[in-house]
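Bear in mind these aren't lab numbers, they're just calculated from the coordinates by the rules spelled out. Keep in mind it's a predicted model, so treat the numbers as computed, not measured. Cβ coordinates were reconstructed from backbone atoms using ideal geometry, including for glycine residues, and neighbour counts include every protein chain displayed.
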Amino acid sequence: MDACIDVMASALASLARGDAVLPLRTVILVPNTTDAFATMPGYLKMRRPGDSSGGAAPTERSETVVGAKVITVFPGNHGTAFDSHQGAVLLFDPDNGSLAAVLDATPVTMIRTAAVSAVATRLLARETASSLAIIGAGVQAHAHLEAMCAVRPIRTLRVWSRSPENAQRLVESARDRFQLDASIATSGPDAVRDAEIICTTTSAREPVLFGEWLSPGTHINAIGASQASAREVDSDTVVRSRLYVDRRESALKEPGDILVPLHDGDIGPEHIVGEIGELLIGRVGGRRDANEITLFKSLGLAIEDLAASAYVYEQAVSTGAGVRVELGGARLAAH
């Protein structure tokens, strides 16, 4: 998680500098179902810290990443042996165009999503924030628990979930792994009361977090909704918050969290203060005082998957991990 947080910061900063090509995701809805198939291509020229061995000052190196994430989203898989999000990340060699690696998209998505929230939290939450509320108790809830503990001195956790069993597992993990004072809340308001950081990690179609529940100074990471027909936070939450996104273009076209208040005239496009990458490079400002409510609406970007996968690929090559197969031009050249 710590490594991925640093990689996500580098990727988002590179996006803000204009060093990326990032089309909107293409989504095919399976007729007569709630299922979807999506492709997320991207190109990224990322600046990352180089070697600082021998006492020399750290240098910066440039890395080019090109590829795509291809996934299915089948909400009906909840509670079965299959994840709701499944797919693969495909990395291509930027020099010769050959397919360099195929990675399981499930762990990549899980870790990078929480790591991006951690970047936003590190920039926007109060530095002393120690109380965390998580709405939802699935895979992303566990990843966000780890991510929040990586960037803030979390001491208490309250969980609200429609699944008591999942909530109990998350609470036990918080106690065992992070020694938190963790408990299951009886309601949404009870979960977020006085919470300094809130993460919504659900597949909800209707809001599970309402502005009237929020305390001054709260930071919110909303990561569940990515379609116009779904939202996790109500319009009052958005109106009350200083709003940041991973990418403006996506935020103004995809999530109901933002599209509904836009359509109703509660906010305008200018309500988005900026992208997290713009905050990283100093193009926009962050939290202005301790009582301000900040909201990061995460959609998930192809460059996040590609940057995370490129890091994993580098580690696999250097350690000899993974399985090698012959595909395409490399196979033909070998014979």
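Here the sum of -39500 (n - 2.57) over DSSP H runs of 4 or more residues, divided by the residues of the chain, equals -10500 deg cm²/dmol at 222 nm, to the nearest 500. The angle between the Cα long axis of helix 302-319 and the main principal axis of the chain comes to about 50°, on a 0 to 90 degree scale. As a rough guide to protection, the peptides 207-215, 219-227, 70-78 ranked by mean Cβ packing within 10 Å, highest first, stand as 219-227, 207-215, 70-78. In straight Cα distance, which lysines are under 18 Å from residue 45, not counting same-chain residues fewer than 8 positions off? Counting by Cα, and skipping residues close in sequence, residue 45 has these lysines nearby: 69.
Within straight-line reach of residue 297, meaning a Cα separation under 20 Å, sit the following lysines at least 8 residues removed in sequence or on another chain: 253. For the pair residue 281 and residue 215, a Förster radius of 25 Å applied to the C-beta separation gives a FRET efficiency near 0.25, rounded to the nearest 0.05. Using the Cβ-Cβ distance between residue 326 and residue 179 with R0 = 45 Å, the FRET efficiency computed as 1/(1 + (r/R0)^6) comes to roughly 0.40.
Structural descriptor for the chain: relative contact order 17 percent, calculated from alpha carbon pairs under 8 angstrom and at least 6 residues apart. Its relative contact order, with pairs defined as Cα atoms under 8 Å and 6+ residues apart, puts the range 117-297 at 22 percent. Residue-wise HN-Hα couplings along the range 3-20, as the Karplus relation 6.51 cos²θ - 1.76 cosθ + 1.60 with θ = phi - 60° gives them from phi, are 5, 5, 4, 5, 5, 5, 4, 5, 5, 5, 5, 5, 4, 5, 7, x, 9, 8 Hz; Gly and Pro carry x. Under 5 Å between amide hydrogens, built in the peptide plane, is the criterion, and for residue 293 it picks out 217, 242 among residues at least 5 positions away or on other chains. Legend: calculated FRET efficiency, residue 165 to residue 106, from the Cβ-Cβ distance at R0 = 22 Å, rounded to 0.05, equals 0.60. Need the C-alpha centroid separation for the range 116-161 versus the range 205-227, integer Å. First find each Cα centre; the distance between them is then 13 Å. Gain in length, residue 239 to residue 45, computed as 0.36 nm per residue apart minus the alpha-carbon separation, to one decimal in nm? Once the chain is fully extended between residue 239 and residue 45, it gains 66.4 nm. Less than 5 angstrom separates the built amide H of residue 202 from those of 223, 224, all sequence-distant by 5 or more or on a different chain. For q values of 0.08, 0.15, 0.16, 0.20 Å⁻¹, compute log₁₀ I(q)/I(0) with the Debye formula on a Cα-only model of the range 117-297, without solvent. Here log10 of I(q) over I(0) equals -0.22, -0.79, -0.90, -1.40.
Between the Cα long axis of helix 139-151 and the first principal axis of the chain there is an angle of about 90°, rounded to the nearest 10.
The packing ranking of peptides 133-139, 308-314, highest mean first, is 133-139, 308-314, where packing means the average number of other beta carbon atoms within 10 angstrom of each residue. When DSSP beta bridges are restricted to pairs lying wholly in the chain, around 55% turn out antiparallel.
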